[in-house]
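The values are calculated or read from the model by the stated rules, or taken from the named source; none is laboratory data. Every value quoted in this text rests on a predicted model; they were computed, and no experiment measured them. Cβ: placed from backbone, ideal geometry, glycine included. Neighbour counts: every protein chain shown. Just the protein is used for accessible areas: all its heavy atoms, side chains included, with ligands, DNA and RNA removed. Shrake-Rupley method; radii C 1.70, N 1.55, O 1.52, S 1.80 Å.
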Amino acid sequence: KVLSERNRETFDVIELEYGEFSQDFSMCNGYRVNPKTKELEFSYPTNDDLEVEQPYRPSLALETEKLKEENVLLQEYLVDVDFRLAMMQLGFL
């Protein structure tokens, strides 16, 4: 009701799918929307010092996905390097 009274141009909305970021929400001890990127950021507790507020960061699920993609690219690169080294050893390059 409060937002319906405001001018739609003065605020923004983030829509999430049902269950989206559910693991992040269950593990985090805080979350926010970064006003610059308009992305959710989470704060996760550590075992080091539970009293110290941890910095906000992107979703662990998104970071994990990004790392998986980078890992695939690195593996493909290593296969290519191995192939080129083998070809050099055989005198084809």
How would TYR18, TYR77, TYR56, TYR44 rank on accessible area, largest to smallest, probe 1.4 Å? TYR18, TYR77, TYR56, TYR44
Please report, as a whole percent, how much of the solvent-accessible surface of the chain comes from carbon and sulfur atoms (probe radius 1.4 Å). 55 percent
Can you give the accessible area of ASP12, probe radius 1.4 Å, in Å² rounded to 10? 100 Å²
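Return the calculated 222 nm mean residue ellipticity for the chain, to the nearest 500 deg cm²/dmol, obtained by summing -39500 (n - 2.57) across DSSP H runs with n ≥ 4 and dividing by the residue count.
Rounded to the nearest 500, it is -13000 deg cm²/dmol.
Between GLU17 and ASN47, what FRET efficiency comes out of the Förster formula 1/(1 + (r/R0)^6) with R0 = 25 Å and r the beta carbon distance, rounded to 0.05?
Values: r = 31 Å, r/R0 = 1.25.
Once rounded, the FRET efficiency stands at 0.20.
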When the chain is treated as a GNM, springs tying every alpha-carbon pair under 10 Å, which of LEU73, LEU40, LEU60 comes out with the largest mean-square fluctuation? LEU73
Given a 1.4 Å probe and the protein chains all in place, what does the accessible area of THR10 round to, in Å² to the nearest 10? 80 Å²
For Rg and Dmax of the Cα atoms in Å, with candidates (i) 12.7, 36; (ii) 22.1, 75; (iii) 14.0, 38, the value calculated from the shown model is option (ii)
Here, trypsin sites (Lys or Arg not before Pro) of region 4-63 satisfying both criteria (DSSP loop; at most 16 other Cβ within 10 Å) are ARG6, LYS36, LYS38
State in Å² the accessible area per residue of the chain; use a 1.4 Å probe, count heavy atoms of protein chains only, and round to the nearest integer. 90 Å²
Can you give the angle from 0 to 90° between the axis of helix 60-89 and the longest principal axis of the chain, with both taken from C-alpha atoms, to the nearest 10? 10 degrees
